[in-house]
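Below: one structure, written as structure tokens.
The values are calculated or read from the model by the stated rules, or taken from the named source; none is laboratory data. This one's a predicted model, so the numbers in the text were calculated from it and none came from an experiment. All Cβ positions, even for glycine, are placed from backbone atoms using ideal geometry, and neighbour counts span all protein chains on display.
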Amino acid sequence: MKILVCHNYYKVRGGEDQCFEDEIAQLESNGHTVIPYIRNNDSIDRNNQLAVALSTAWNRKSYREMRGLLRVHKPDVLHCTNTFPLISPSVYYAAEVQSTPVVQALHNFRLLCPDAFLCRDSKVCEKCLKKKFAWPAIQHKCYRGSRAGSFAVSSMLAAHRLMGTWKNKIHLYYTLTEFSKSKLLNLGIQSDRIVVKPNCVHPDPGVGQGDQNFALFAGRLSDEKGIYALIDAWNSHSPNIPLKIIGDGPLAGEVKAAAEANPLIEWLGRLPFTEVLSLMGQAKVVVVPSVFYETFGRIIIEAYSSGTPVVASRIGAMQELILHGETGFFFEPGNSEDLMAKVKAVLSDETARQKMRTAARLGFEAKYTFDHNFQILLDIYEQAIVNAGYDEDRIAEIKQSKAARSSAVAARSPL
């Protein structure tokens, strides 16, 4: 297949950027042709802020460039990961003109919430969830603390909802969990136009030793990630294990101060992904204290790939990833005392922890490997082509290919 991939990189690199690169690697390693269309938020500082805000709803340059790429390369599918804010939904309309099926990945809640997180003041917020226009977001300056910016994003979302963009111009969405899918249904999109494809971990680091005496947090240092509860757990509740914190973000100053004041806390800053995986493999437990709806919780499966148990908030999509008492423990979101109690529970019984390590790795191998994830991605592309209905010969070819694959799987089955 030939796939045109479309992504707007963030200023602070995150899991969504990693997923985009993983999918390119999956496609290319399996012999598919990838044509990238990429923008980067680093360029925003060099542009007129008002022009950026206005082009969020419709970027004419992106429309022209996308039409040109689609016309020249004639891909089977346009796969969009993130179009906000520099690319815009105009690329969907370019694809329609060129009769190209569109797949849209949803790694956040942007289509439902101008701030993309369904979170305000470190608490879950769903005030805009079912509104046609996100007035509360403007009132509370949810997008980057700016009323003007919040108005621009809210207007973009409302305009494209009114135009039918979300319902009619995208042939298949995929979310990372059933939880995220349930939220997206608030847009009125048909359930069969949304499928679930979890993240994967690439490269597979293999099972670590898990024998170093530290707990690990890795992620953005911000309110919604539960940083205050994490620090308080180590400051106030008699930890018996050091904590290593990897990452950067708005609360970096608070984390640095906590590390200077408490010898059990160490801040490592931002590290290369391979080093993060290496430390996960050494850690006795990984802590995920988010107080908002993670759309997935990628760090959980990264820990699983190393065979490391996880202690996480019982909230949102993370509840689909952890088997309480088998691959880790849940604690009450924001409750630092409960967080520390669950960390101690992991550490209190070494035999039980080793069983958790085995269960975590088996969970990874069953659901979150590079190859397993690629097969789901291929099915998504094929379903998008069928949904679009642009090319009857291509649809017939896909149906024959799927039938052949199903027969091959059945022939290998011992039953």
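A few notes on this one:
Okay, residues lined up against (1) within 26 Å of residue 381 (Cβ to Cβ); (2) surrounded by fewer than 23 Cβ atoms within 10 Å (Cβ to Cβ); (3) aromatic (Phe, Trp, Tyr):
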| site | (1), (2), (3) |
| --- | --- |
| 41 | no, yes, no |
| 65 | yes, yes, no |
| 74 | yes, yes, no |
| 79 | yes, no, no |
| 82 | yes, no, no |
| 89 | yes, no, no |
| 97 | yes, yes, no |
| 101 | yes, no, no |
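Let's see how each residue does on (1) farther than 25 Å from residue 79 by Cβ; (2) surrounded by 19 or more Cβ atoms within 10 Å (Cβ to Cβ); (3) among the small types (Gly, Ala, Ser):
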{"residue": "169", "(1), (2), (3)": "no, no, no"}
{"residue": "174", "(1), (2), (3)": "no, yes, no"}
{"residue": "181", "(1), (2), (3)": "no, yes, no"}
{"residue": "191", "(1), (2), (3)": "no, no, yes"}
{"residue": "196", "(1), (2), (3)": "no, no, no"}
{"residue": "211", "(1), (2), (3)": "yes, no, no"}
{"residue": "217", "(1), (2), (3)": "yes, yes, no"}
{"residue": "225", "(1), (2), (3)": "yes, yes, no"}
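- Summed over region 250-267, residues that are touching a residue at least 24 places away in the same chain (Cβ under 8 Å) and buried (at least 17 other Cβ atoms within 10 Å of the Cβ) total 5.
- Meets criteria (more than 30 Å from residue 133 (Cβ to Cβ) and either assigned to a loop (DSSP other than H, G, I, E, B) or out of contact with any Pro (no Cβ under 9 Å at 6 or more places or on another chain) (or both)) for residue 230: no
- The C-beta contact set for region 39-62 (first residue under 19 Å from residue 89 (Cα atoms), second residue modelled with pLDDT of 70 or more and basic (Lys, Arg), distance under 6 angstrom, 6+ apart or interchain) comprises 41/11.
- Scanning region 212-232 for residues that are out of contact with any Phe, Trp or Tyr (no Cβ under 9 Å at 6 or more places or on another chain) and at pLDDT below 95 turns up 219, 220, 222.
- Those residues of region 361-377 which are within 17 Å of residue 1 (Cβ to Cβ) and either free of Cβ contacts under 8 Å to residues at least 60 places away in the same chain or in a loop (DSSP other than H, G, I, E, B) (or both), in sequence order: 371, 375
- Subset of region 61-105 [part of a loop (DSSP other than H, G, I, E, B) and either of a type in the set (Ser, Thr, Tyr) or at pLDDT 95 or above (or both)]: 74, 75, 76, 83, 87, 88, 89, 98, 99, 100, 101
- Any chance residue 291 is in the same structural domain as residue 220 (by TED's automatic domain parsing), in contact with a Phe, Trp or Tyr (Cβ under 8 Å, 6 or more places away or on another chain) and either over 13 Å from residue 244 (Cβ atoms) or outside any loop (DSSP other than H, G, I, E, B) (or both): no
- Assessment of region 136-148 against the conditions (in contact with a Cys (Cβ under 6 Å, 6 or more places away or on another chain) and surrounded by 23 or more Cβ atoms within 10 Å (Cβ to Cβ)) yields at least one matching residue.
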